[in-house]
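The next block holds one structure in the form of structure tokens; read it before the comments.
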Amino acid sequence: MTELHSRTDMRLGLAVTLAVAAFLIGPVVLSILAGLTRNYFVGFSSGFTLRWIEQVWELYSDTIWRSFAVALLTLLVCVLVGVPAAWVLTLHRGRAARALEELLTLPVAVPGLASALALIISWGTVSGLRGSMWFIVIGHVLFTLPFMVRAARASMAGADLAVLDEAAATLGASRMHRFLTVVVPNAMPGIVTGALTVLTLSIGEFNLTWLLHTPLTKTLPVGLADSYASMRLEVASAYTLVFLLMLMPLLVGLQWLAARGERRTRLQQRQAAAQNQGH
């Protein structure tokens, strides 16, 4: 009887999972098919074509490369600033550290349009900045930095790196040497997870970017919205397909790196435990 209930629960869980997956993935699949169809309103009987993808590339290829440039620059700044900040918050757990962490998460809670407006008011008058790609990078860093700090800090706290750092300090290692050789390698799974989050959020960010961009600094999501507003539905759907083709290999590669880092960390932990048992 118990086995029967177990099988029923398993089938029910599988059915719910498939239903949720269909609900989430179904619209994306339909959009992709629309971008490959000669005439979406006629249906698949009109035949398939790559014409719309070619048109997207001719009209919006600059937005694609600009989005990747913005995302990579955002990631670079978030790593250089967020990882050391996460380590400082890990070492210092007082009220000031908690207040600083809450302050870092504030841009996430504020609507993107409000953050963009605040940036325009405060930095929009700086000569040459308003019309440059760096203005969008600043906005993306403001939005994505908390995710890098949280992910890196969770990995540092879980690996108990403060103890390892103290042990390395007693052996005479400098602070920078300890950070680069002890903290960063052991926190790499969290750093890679944070990098994955930063990249995906930056490439897909629209609300903040829409207010910060100019006609010469249009990014991929803004171009996608423009195509949906002014072009044929097939062109806009083909734009979605190009977006996915550019993004998916990057996501898969980063997830592979994260999984590899987790396996390496587990292996090192097992080796350390075996050495401790041997002693």
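List of remarks:
- Search result, residues across the range 165-189 that are over 17 Å from HIS92 (Cβ atoms) and open to solvent by 80 Å² or more (accessible area, probe 1.4 Å): THR170, LEU171, MET176, HIS177, LEU180
- Subset of the range 213-239 [in contact with a helix residue (DSSP H, G or I) (Cβ under 7 Å, 6 or more places away or on another chain), not in a helix (DSSP H, G or I) and not basic (Lys, Arg)]: HIS213, THR217, THR219
- Note on the range 53-71: residues that are farther than 16 Å from MET133 by Cβ and open to solvent by 50 Å² or more (accessible area, probe 1.4 Å) total 5.
- Checking every residue in the range 36-43 against the condition of being in contact (Cβ under 8 Å) with a residue 24 or more places away in the chain and closer than 30 Å to MET133 by Cα gives zero matches.
- Here is the figure for the range 18-45: residues that are open to solvent by less than 50 Å² (accessible area, probe 1.4 Å), farther than 18 Å from TYR228 by Cβ and either in the same structural domain as SER202 (by the TED database) or of a type in the set (A, V, I, L, M) (or both) total 1.
The values are calculated or read from the model by the stated rules, or taken from the named source; none is laboratory data. Everything quoted here is computed from the prediction, not taken from an experiment. Methodologically, a virtual Cβ is constructed for each residue, glycine included, from the backbone with ideal geometry; neighbour enumeration extends over all protein chains shown. The protein model used for the area step is the full one, side chains on, heavy atoms only, and it has no ligands, DNA or RNA in it. Shrake-Rupley method; radii C 1.70, N 1.55, O 1.52, S 1.80 Å.
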